[in-house]
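The values are calculated or read from the model by the stated rules, or taken from the named source; none is laboratory data. The structure presented is a predicted model; accordingly, all values stated were derived computationally and were not measured. No Cβ is skipped: glycine too gets one built from the backbone with ideal geometry, and neighbour counts run over all protein chains shown. All accessible areas refer to the heavy atoms of the entire protein, side chains included, with ligands and DNA or RNA removed. Shrake-Rupley method; radii C 1.70, N 1.55, O 1.52, S 1.80 Å.
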Amino acid sequence: MEVRKTCIKIPSNRYNELMKAMNKSNEHVLAMGACFNERADSHLVCVQNDDGNYQTQAISIHHQPRKVTGASFFVFSGALKASSGYLAKTSIVEDGVMVQITAEMMEALRQALREMKDFSIACGKADQEENQEHVHIQWVDDDHNVNKGVISPVDGKSMESFTSVKIFHGSEYKANGKVIRWTEVFFLRSEDQTNGLSDPADHSRLAENVARAFCVALCPHLKLLKEDGMAKLGLRVTLDSDQVGYLAGSNGQPLLPQYLSDLDSALIPVIHSGACQLSEGPVEMELIFYILEIIS
């Protein structure tokens, strides 16, 4: 946000995620989370007071003027009546921005998003052109600034710029007072990533099957793995015309041979079955697992 101007910048490689969110949303409301803006010199935050109420504040860099303020989310509401005298209205809600527009403008906005076109909204009273603010929705270059500083437990490889998806209801298996849980999957390579519109969900069934097999295979070994300091595990699966296989490791080192026999028995049939079913070319993904204590 700047003086009289708010810009919402959407990376081109987030198109599929945007469409999913838009298709699931109420036709009168469109709400999206935003990433932390590294180029902003201040950012909206929501602070809870002693009495339990929330108020908006802006944190900024000491002794530096505020020019660009970041926000954590934006909401478009299509409930503004044309008879209100306003073209559109903007307001700050907690640590985000709300834009009230007419139902007609909401439909035009959704159409522009579907077509990946930039869109601008004039806000303010219709008869006061000089005092109007503008909200700009802009499509920008692909965003590869993700997973900074994250490294693979398999071999220490950097995961920076690779898309990942957190798993909230993934495979989970218990044995000997421990539980192994699948928590995340990184997509290291797939043939259709080149067009920027790759949908990681295409590979979700394979990832789920592999995760299940990995958990089942390691169940008898959970206590020993945890005692040996291998609570975080990585499983990298490669499906290519000249290579089909997996690497499993923890703390940047491969798992010891004593675990590999059970892993081979469980994983190889699943991976080869997946290779036969995948038609869109090479795929490489890395699944992350944690071994946790069961607290009764």
Could you look through region 108-122, keep only residues that are outside any helix (DSSP H, G or I) and closer than 20 Å to Asn13 by Cβ, and pick out the one that is least open to solvent (accessible area, probe 1.4 Å)?
-> Phe119
Just give me the residues in region 57-71 being open to solvent by less than 60 Å² (accessible area, probe 1.4 Å) and either among the charged types (D, E, K, R) or at pLDDT below 90 (or both), in sequence order.
-> Ala58
Consider Val237 carefully, then state whether it is within 24 Å of His221 (Cα to Cα) and touching a helix residue (DSSP H, G or I) at 6+ places or on another chain (Cβ under 9 Å).
-> yes
Does Gly156 satisfy the criteria of being surrounded by fewer than 14 Cβ atoms within 10 Å (Cβ to Cβ), touching a residue at least 24 places away in the same chain (Cβ under 8 Å), not aliphatic (A, V, I, L, M) and not in a strand (DSSP E or B)?
-> yes
Test: Ile271 is assigned by the TED database to the domain that holds Tyr173, under 20 Å from Gly170 (Cα atoms) and touching a helix residue (DSSP H, G or I) at 6+ places or on another chain (Cβ under 8 Å) | yes
Could you say which residue among Leu30, Leu44 is open to solvent by less than 30 Å² (accessible area, probe 1.4 Å), in contact (Cβ under 8 Å) with a residue 40 or more places away in the chain and under 15 Å from Met106 (Cα atoms)?
-> Leu30
Boolean, Asp142 is under 21 Å from Cys35 (Cα atoms), touching a residue at least 12 places away in the same chain (Cβ under 8 Å) and acidic (Asp, Glu) = yes
Filter region 85-101 down to residues that are open to solvent by less than 50 Å² (accessible area, probe 1.4 Å) and either outside any loop (DSSP other than H, G, I, E, B) or touching a Gly at 6+ places or on another chain (Cβ under 7 Å) (or both), then give me how many there are.
-> 7
Residue within region 12-26 that is under 30 Å from Gln128 (Cβ atoms) and either among the hydrophobic types (A, V, I, L, M, F, W, C) or open to solvent by less than 50 Å² (accessible area, probe 1.4 Å) (or both) present | no
Among the numbered criteria (1) assigned to a strand (DSSP E or B); (2) at pLDDT below 90; (3) under 22 Å from Ile8 (Cα atoms), which single criterion is violated by His144?
-> (1)
State the number of residues belonging to region 238-259 that are under 14 Å from Phe289 (Cα atoms) and open to solvent by less than 20 Å² (accessible area, probe 1.4 Å).
-> 4
Of the numbered conditions (1) outside any strand (DSSP E or B); (2) surrounded by 12 or more Cβ atoms within 10 Å (Cβ to Cβ), Phe74 satisfies every one except a single condition; which is it?
-> (1)
Out of the residues in region 218-237 that are hydrophobic (A, V, I, L, M, F, W, C) and over 29 Å from the mean Cα position of the chain (by Cα), which is surrounded by the most Cβ atoms within 10 Å (Cβ to Cβ)?
-> Leu222
